[in-house]
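These notes concern the structure reproduced below.
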Amino acid sequence: MESNNNLILSKSQSIDSGVCICDEKGQILFALNEERVSRKKLTSKYPKLSKEITELHFKKKAKIITAGYFNHFGISENLYQAYYSDNFFSFIPKKEIFLEIARKGIILLSKLLFRNRVEHHLCHAASAYYTSGLKKSLIITMDAYGDGHSTTVSVGTNNKIKFLEKHVWGCSPAQLYARITEYLGFKSHRHEGKVTGLAAYGNPEKTIRVFRKLLWFDKKKIESARFLIRGYNKERFDELLGSFSREDIAAGLQKRCEEVTCKFISFWVEKTNIKDICLSGGLFANVKINQRIHELPNVNSVYVFPHMGDGGLAIGAALAYTKPMPTKLETIYLGPEYSDEETKKELDKNKLKYEKFENIEEEIAKLLAKGKVVARFNEKMEYGPRALVNRSILYQTTDKTVNDWLNKKLKRTEFMPFAPATLWEHKEECYENTKGAEHTAKYMTITFNCTEQMKKQSPGVVHIDGTARPQLVTKEDNKSFHKIIKEYHKITNIPSIINTSFNIHEEPIVMSPKDAINAYKESKLDNLAIGQYLI
Ligand SMILES: [Fe+2]
């Protein structure tokens, strides 16, 4: 996608650093996260390699925009942790006000020293609003923290975003979720999804009383116990939760976060009378919270930006800067692609036996129907944390045991089952209550309750609580993949296929044919289909 307009290159340096290039009208032309190039998952290093690739792609000189202020100073976390410690600034009576003045002072100084920066939560808000296709919407951002805030409420009208509220660090469920993720033995800001999966196996009623003391909704904002901000405190968690099982802890945490987030959003829907919601920020990687928001009686529609975490900040900064009229994201396939020759060269180098098919989609469908695991690599890489079938591993949904053996093969531990990719035309047969969330379900950002037919036909992708988090596939979004499921449906009468990310263990999703071949060899999958080549 080339453009004759002036170009804007925006970059972010946070968890999952990245870059994006768009034209002055806000049309996104390319986006890439550093982890895919450096092969270091969620790296927060300066996006040097991804910027180089982007500049190589677009030879024209671009204006540079940066997402976020505090990263530059590197003091956000330290300042807040010191502030919430027991004795720091204890002589100041109204510490909250002092902190807000300090925060604003740093941003003002930063604005004077560095041009063209966009505040962290404005990046989140812009990423969701400008890609939602909604002229008017209520925008909620929630994360652990960014530029001193953890939650914002704003309204998008035509192409303008107006903030109603900004709440400081600790005023979102994300920090509690991160701390409990650590307490359960996982990595925070990385494995929260495992905790969401684990939650379905526990009884929330056993631990909910503890979580009510740790997180609550107060008037118009969310509050949490301040010790959560001071750092990870195992002793304190042992005292509160030491006698409960991991499953019950995860279940109580998940339920409390759903309750509080829903109360908060309901309050702002009532107050603004805007029922179409745009969501962004790391908290909304939680597909179950998103389902609960969608089910709220006063909510009309929900759209979660596909790259909701800090990895999506670069696009947010570019959109906040260019302020286009909101349109639906034209494509999620915004990453690099490789030519036929490049692919063939890599295959030959690895001495792999392959065949070229004009109609490879039909071949893949046949293999899937025979029960083969097919790794699929095609065209441009998708943008965001989820593989959306251009860098995916495919298998049929009929096998209930697939989560055990395929995860073992891929060296992963997961509590949530694999996700299905389902033909858009068949969504009502498979899922309940999709209306108002169809657009966001193209990007695997929300769970739905499954229909009886789905539970019977596709037990491999239905969670213990009867939900699944699908990717709804349209022909317009992905012609090749739509054809694969369509062919598969012709043979089996099932409109869904398992889609899990093409990577091994904790590695980032593959980017190049070389990465794909390495992952394929290491995991010993049945077939690899790169472009039109079948191995
Ligand atoms: Fe963030």
Residues satisfying the stated conditions in segment 488-510, i.e. open to solvent by 30 Å² or more (accessible area, probe 1.4 Å), modelled with pLDDT of 95 or more and either in contact with a Pro (Cβ under 8 Å, 6 or more places away or on another chain) or of a type outside the set (Lys, Arg) (or both): His489, Ile491, Thr492, Asn493
Select from segment 442-475 the residues that are farther than 26 Å from Ile277 by Cβ, open to solvent by 20 Å² or more (accessible area, probe 1.4 Å) and not in a helix (DSSP H, G or I) and list them in ascending order. Val462, Ile464, Lys475
Checking Pro336, Pro324, Pro385 in turn, the sole residue that is open to solvent by 30 Å² or more (accessible area, probe 1.4 Å) and either closer than 30 Å to Glu52 by Cβ or over 25 Å from the mean Cα position of the chain (by Cα) (or both) turns out to be Pro385
If only one of Phe244, Phe305 is of a type in the set (Phe, Trp, Tyr) and buried (at least 24 other Cβ atoms within 10 Å of the Cβ), which one is it? Phe305
Filter segment 161-178 for residues that are part of a helix (DSSP H, G or I) and within 15 Å of the ligand (Cβ to nearest atom) and give the result. Ala174, Gln175, Tyr177, Ala178
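May I ask you to list the residues in segment 270-282 that are open to solvent by 10 Å² or more (accessible area, probe 1.4 Å) and within 12 Å of the ligand (Cβ to nearest atom)?
Here is the first cut: in segment 270-282, the residues open to solvent by 10 Å² or more (accessible area, probe 1.4 Å) are 270-276, 282.
Selection gives Gly282 alone.
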Cβ-Cβ under 6 Å, sequence separation 6+ or interchain: first residue in segment 350-361 and within 10 Å of Gly531 (Cβ to Cβ), partner exposed (fewer than 15 other Cβ atoms within 10 Å of the Cβ). Which pairs? none
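Please tell me if Glu342 is more than 16 Å from the ligand (Cβ to nearest atom) and out of contact with any strand residue (DSSP E or B) (no Cβ under 9 Å at 6 or more places or on another chain). Lay out the reasoning, then the answer.
Working: more than 16 Å from the ligand (Cβ to nearest atom): yes; out of contact with any strand residue (DSSP E or B) (no Cβ under 9 Å at 6 or more places or on another chain): yes.
Answer is yes for this residue.
Okay, residues lined up against (1) at pLDDT 90 or above; (2) open to solvent by less than 20 Å² (accessible area, probe 1.4 Å); (3) of a type in the set (S, T, N, Q):
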{"residue": "Cys20", "(1), (2), (3)": "yes, yes, no"}
{"residue": "Ala31", "(1), (2), (3)": "yes, yes, no"}
{"residue": "Lys40", "(1), (2), (3)": "yes, no, no"}
{"residue": "Lys45", "(1), (2), (3)": "yes, no, no"}
{"residue": "Leu49", "(1), (2), (3)": "yes, no, no"}
{"residue": "Ile53", "(1), (2), (3)": "no, no, no"}
{"residue": "Leu56", "(1), (2), (3)": "no, no, no"}
{"residue": "Lys61", "(1), (2), (3)": "no, no, no"}
{"residue": "Ala67", "(1), (2), (3)": "yes, yes, no"}
Pairs please, first residue from segment 297-314 and of a type in the set (Phe, Trp, Tyr), second anywhere and open to solvent by less than 10 Å² (accessible area, probe 1.4 Å) and within 11 Å of the ligand (Cβ to nearest atom), Cβ atoms under 7 Å, 6+ apart in sequence or on different chains. Phe305/Ser127; Phe305/Ser280; Phe305/Gly312
All positions within segment 121-160 that are outside any strand (DSSP E or B), within 11 Å of the ligand (Cβ to nearest atom) and either surrounded by fewer than 23 Cβ atoms within 10 Å (Cβ to Cβ) or at pLDDT below 95 (or both): Asp147
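Does Lys187 count as surrounded by fewer than 17 Cβ atoms within 10 Å (Cβ to Cβ) and of a type outside the set (Val, Ile, Thr)?
Values: surrounded by fewer than 17 Cβ atoms within 10 Å (Cβ to Cβ): yes; of a type outside the set (Val, Ile, Thr): yes.
Criteria met by Lys187.
Of all residues in segment 190-204, which are open to solvent by 50 Å² or more (accessible area, probe 1.4 Å) and either on the phi > 0 side of the Ramachandran plot or part of a helix (DSSP H, G or I) (or both)?
We begin by selecting, within segment 190-204, every residue open to solvent by 50 Å² or more (accessible area, probe 1.4 Å); these are 190, 201, 203.
Hits for segment 190-204: nothing passes.
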Sole miss for Ile484 among (1) open to solvent by 30 Å² or more (accessible area, probe 1.4 Å); (2) in a helix (DSSP H, G or I) is condition (1)
Got at least one residue in segment 520-530 being among the hydrophobic types (A, V, I, L, M, F, W, C), at pLDDT below 95 and open to solvent by 20 Å² or more (accessible area, probe 1.4 Å)? no
Check whether at least one residue in segment 105-115 is surrounded by 14 or more Cβ atoms within 10 Å (Cβ to Cβ), modelled with pLDDT under 85, in contact with a helix residue (DSSP H, G or I) (Cβ under 7 Å, 6 or more places away or on another chain) and not in a loop (DSSP other than H, G, I, E, B), and report yes or no. yes
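The values are calculated or read from the model by the stated rules, or taken from the named source; none is laboratory data. Quick caveat: nothing in here was measured; it's all calculated off a predicted structure. Cβ sites come from the backbone with ideal geometry, for glycine too, and all protein chains shown count toward neighbours. When the accessible area is computed, the model is the full protein with side chains, heavy atoms only, and any ligands, DNA or RNA have been set aside. Shrake-Rupley method; radii C 1.70, N 1.55, O 1.52, S 1.80 Å.
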